[in-house]
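Q: This is the structure, below, for whatever I ask next.
The values are calculated or read from the model by the stated rules, or taken from the named source; none is laboratory data. Computed from a predicted model, the values in this text were never measured in an experiment. Heads up, the Cβs are rebuilt from the backbone with ideal geometry, glycines too, and the neighbour counts pull from every protein chain shown.
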Amino acid sequence: MKESPQSRNLEQILRSSKMAAGGFMGSDSRSVAEIIDADAFEVSKSGYTTGQLSVRMQEITDAAKRGLGTRVEVDAQHQAIVEEARGSIACPWPHLRRFVKRVTTVKHLDSGQIICWTDLNIHLIAEHGFFEGRGSAFRVEPGKLAKVIF
Ligand SMILES: [Zn+2]
């Protein structure tokens, strides 16, 4: 795939440490397109779509928000908690979308597995199919995500 100047610019923004601690790419040397393609394959193996994953993530975040920082029973299999920081963070793609700095942590009670995400992660997955690069602070592993949230 030939890279346009615009996608090179996006790549630079995603690797920038000013946007998020360590950037969105972490230590990943793959291009954004390669990361998105590889994760799309992982998502398809999970049997879900990025749409289904992001809708479920939002549902868990919305349930956890009602706990105002205390643990919430989302359903019989899931406990979740949100933490909010001051300020907001912009989507690195070229459109004006900003998100509250909120982290949702969810635990699957049977397996004991835990995964966390930010409000921005939900948007990146829903709108851009982007789970962030390996080694980034908020990389979400698609296969693990599907196992933990359903
Ligand atoms: Zn966006």
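Q: Kindly provide the set of residues from region 71-102 that are touching an Asp or Glu at 6+ places or on another chain (Cβ under 7 Å) and buried (at least 17 other Cβ atoms within 10 Å of the Cβ), ordered by number. Give the derivation first.
A: Of the residues in region 71-102, the ones touching an Asp or Glu at 6+ places or on another chain (Cβ under 7 Å) are 77, 79, 99-102.
Residues satisfying the conditions are Gln79, Arg102.
Q: Scan region 60-80 for residues that are touching a strand residue (DSSP E or B) at 6+ places or on another chain (Cβ under 7 Å), charged (D, E, K, R) and in a helix (DSSP H, G or I) and jot them down.
A: Lys65
Yes or no, residue by residue, for (1) among the polar types (S, T, N, Q); (2) in contact (Cβ under 8 Å) with a residue 60 or more places away in the chain; (3) closer than 16 Å to Met57 by Cβ:
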| residue | (1), (2), (3) |
| --- | --- |
| Ala85 | no, no, no |
| Pro92 | no, yes, no |
| His95 | no, no, no |
| Thr104 | yes, no, yes |
| Trp117 | no, yes, yes |
| Ile122 | no, yes, yes |
| Ala126 | no, yes, yes |
| Gly133 | no, yes, no |
| Arg139 | no, yes, yes |
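Q: Of all residues being within 16 Å of the ligand (Cβ to nearest atom) and part of a loop (DSSP other than H, G, I, E, B) in region 96-114, which is farthest from Gly67 (Cα to Cα)? Just the residue, please.
A: Per the criteria, the residue is Leu96.
Q: Looking at region 119-150 only, could you name the residues that are farther than 18 Å from Gln52 by Cβ, away from the ligand (no atom under 13 Å from the Cβ) and not in a loop (DSSP other than H, G, I, E, B)?
A: Correct list: empty.
Q: Further, regarding this structure: Return the residue satisfying two criteria in turn: it lies in region 81-95 and is in a strand (DSSP E or B) and among the hydrophobic types (A, V, I, L, M, F, W, C), and of such residues it is nearest to the ligand (Cβ to nearest atom).
A: First pass over region 81-95, keeping only residues in a strand (DSSP E or B): 81-90.
Subset that is among the hydrophobic types (A, V, I, L, M, F, W, C): 81-82, 85, 89-90.
Values: Ile81: 25, Val82: 21, Ala85: 20, Ile89: 11, Ala90: 9 Å.
It comes out as Ala90.
Q: Please name all residue pairs, on different chains or six or more residues apart, with Cβ atoms under 7 Å, provided the first residue is in region 1-26 and is at pLDDT 80 or above and the second residue is among the basic types (Lys, Arg) and assigned to a loop (DSSP other than H, G, I, E, B).
A: From region 1-26, the pairs are Gly26/Arg134; Gly26/Arg139.
Q: Across region 22-37, what is the number of residues that are over 15 Å from Val140 (Cα atoms) and in contact with a helix residue (DSSP H, G or I) (Cβ under 7 Å, 6 or more places away or on another chain)?
A: Here the count works out to 1.
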